[in-house]
1. Considering only residues that are under 25 Å from the mean Cα position of the chain (by Cα) and aliphatic (A, V, I, L, M), which ones fall in region 360-416?
2. Being more than 20 Å from Pro190 (Cα to Cα) and within 16 Å of the ligand (Cβ to nearest atom) is the requirement here; does Val385 meet it?
3. How about region 87-107: which of its residues are more than 15 Å from the chain's Cα centre (by Cα) and within 16 Å of the ligand (Cβ to nearest atom)?
4. Limited to region 165-176, what total is found for residues that are over 27 Å from Ser351 (Cα atoms) and in contact with a strand residue (DSSP E or B) (Cβ under 8 Å, 6 or more places away or on another chain)?
5. Suppose we keep only residues that are within 11 Å of the ligand (Cβ to nearest atom) and more than 13 Å from Asn196 (Cα to Cα) within region 157-174. Which one would you say is surrounded by the most Cβ atoms within 10 Å (Cβ to Cβ)?
6. Exactly one of these conditions fails for Leu123: (1) surrounded by 20 or more Cβ atoms within 10 Å (Cβ to Cβ); (2) within 16 Å of the ligand (Cβ to nearest atom). Give me its number.
7. Taking the residues in region 331-380 that are of a type in the set (Gly, Ala, Ser) and under 26 Å from Ile213 (Cα atoms) as candidates, determine which candidate is farthest from the ligand (Cβ to nearest atom).
8. Do the conditions hold for Asn138, that is, is it out of contact with any Phe, Trp or Tyr (no Cβ under 6 Å at 6 or more places or on another chain) and among the polar types (S, T, N, Q)?
Amino acid sequence: MILTSKKFDTKKIHSGYKPKDFGYSATVPIFQSVAFDLGNTERADKIVQSELPGAFMYSRVSNPTVDIFEKRINDLDGGVGAVAVASGMAAITYAVLNVAEGGGRIIAPLDIYGASLDEFRTLLPKYNINFDFVENINDFDKIQELISFDTKAIYVESVSNPITNIADISRLAELAHKNKIPLIVDNTFPTPYLFNPIKFGADIVVYSSTKGISGHGNVVSGIVVDGGNFEWTKEKFPQFFEPELVLEKEGRKDSSFVGVFGKRAFNERLRTKYLRLMGAVLNPFTAYLGLLGLETLSERVSKEVLTALKIAQYLESNEHVEKIFHSGLLNTSQSKLVEKYYPNGIGTVFSFKLGGTVENTRKLLNSVKLFTYLPNVGDNRSLIVNPSGTTHREVPENERKKQNISDNLIRLSIGLENADDLIQDLEQAIEQAFKE
Ligand SMILES: *Cc1c(COP(=O)(O)O)cnc(C)c1O
């Protein structure tokens, strides 16, 4: 059964899984086993040389339940392969190391997930990977100016956290490819339902599937999807062209990742070198919960998108709200990009600035009854948080200010509750916040 012509809602239920291969189990079984019987020595030889698709050996490298989760996301995004890992941060780290290991520069915007920014600013430079940050990711002239001989990639978030800036993916991909570097996109906020970066030219997509993909606030996981269209060059990316001991076999002339896997070189190398050797592996039970979440992704997200818009419109009319950051609202400077890339909405997360002092903001957070106060997004429950004190605490204050992450900024992640109930909760909390 080939599902490539099927629509999103069918794929999210069926892709990557054939019941008859798994004892006719209607739902994906959890393969809670570390290792798999190799059978006989001929079969073992084939497995270790990656010549027996669908065969498994050891769950740090691959596992049937995790494999189905990978295939399903890969199919939803239109890639050539995906590797699931233990968290969104592991996905980002492995993707970045796989392109820039050994040293190099990467261009990224400043308004990205706090832990990503912290890693890019303070940790990866210790591994010789340095970042050139831009304030506006759609400033193509500035980016072109920053690209140097050892720039290895452009890294962006499709919809940024928490301000919801929209990256112009087609133009960024064009710019990257003109300079022979790949475009890496963190597509966590829109999820594969609202946006597929590969279809617009992105090369590598990373997700924190902790968020909207799993949706129930009960798993930590991540995934890297390889678009398979980037032409790796030996000069800039020698790691894909080096002979690999693990890929050597009799009669094989080119035992490099490009030689053996062609278009899937990035994906297979990430699995073989990073997942296998650094080991941030996704466990089968978590993959199972991810698959369960995926089954209702579009139903959840489409309702949440509408509720988020309704709440944003309510907040716009509230006298105590200073400014809304929601690119899906009419007449923002990003409307054209939203129209081009996000016909079904930009997502379920947005932010606003409350008027008054920090004290008013703190009172609001302490007064909500339905919203849960915590630093997560994409949960069925509606969530509220002050990024400057939590998710973006590690970002220096002057940089936070530049990105509008002031102490009175509040981020909402909208869940599946009734929209009017959520509005009422915010209304009473704002009232409490400004009560004498
Ligand atoms: C949460 C998040 C991450 C990190 O994911 P974890 O699963 O928590 O490691 C990365 N990028 C974005 C945009 C996120 O929201």
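A short reminder: the numbers here are calculations on the coordinates, not readings from a lab. Remember, it's a predicted structure, so these values are computed and weren't measured experimentally. Cβ placement follows ideal geometry from the backbone for every residue including glycine, while neighbour counts extend to all protein chains displayed.
1. Pass one, region 360-416, residues under 25 Å from the mean Cα position of the chain (by Cα): 371-396, 399-406, 409-416.
Matches in region 360-416: Leu374, Val377, Leu383, Ile384, Val385, Val395, Ile405, Leu409, Ile410, Leu412, Ile414, Leu416.
2. Details: more than 20 Å from Pro190 (Cα to Cα): no; within 16 Å of the ligand (Cβ to nearest atom): yes.
It is false that Val385 is more than 20 Å from Pro190 (Cα to Cα) and within 16 Å of the ligand (Cβ to nearest atom).
3. Within region 87-107, Leu97, Ile106 meet the criteria.
4. Matching residues across region 165-176 total 3.
5. Start the filter on region 157-174 by keeping residues that are within 11 Å of the ligand (Cβ to nearest atom), which leaves 157-162.
Narrowing further to those that are more than 13 Å from Asn196 (Cα to Cα): 160-162.
Details: Ser160: 23, Asn161: 26, Pro162: 29.
Once the filter is applied, the top-ranked residue is Pro162.
6. Going through (1) surrounded by 20 or more Cβ atoms within 10 Å (Cβ to Cβ); (2) within 16 Å of the ligand (Cβ to nearest atom) one by one, Leu123 breaks only (1).
7. Ranking the candidates gives Ser335 first.
8. Numbers: out of contact with any Phe, Trp or Tyr (no Cβ under 6 Å at 6 or more places or on another chain): yes; among the polar types (S, T, N, Q): yes.
So Asn138 passes the test.
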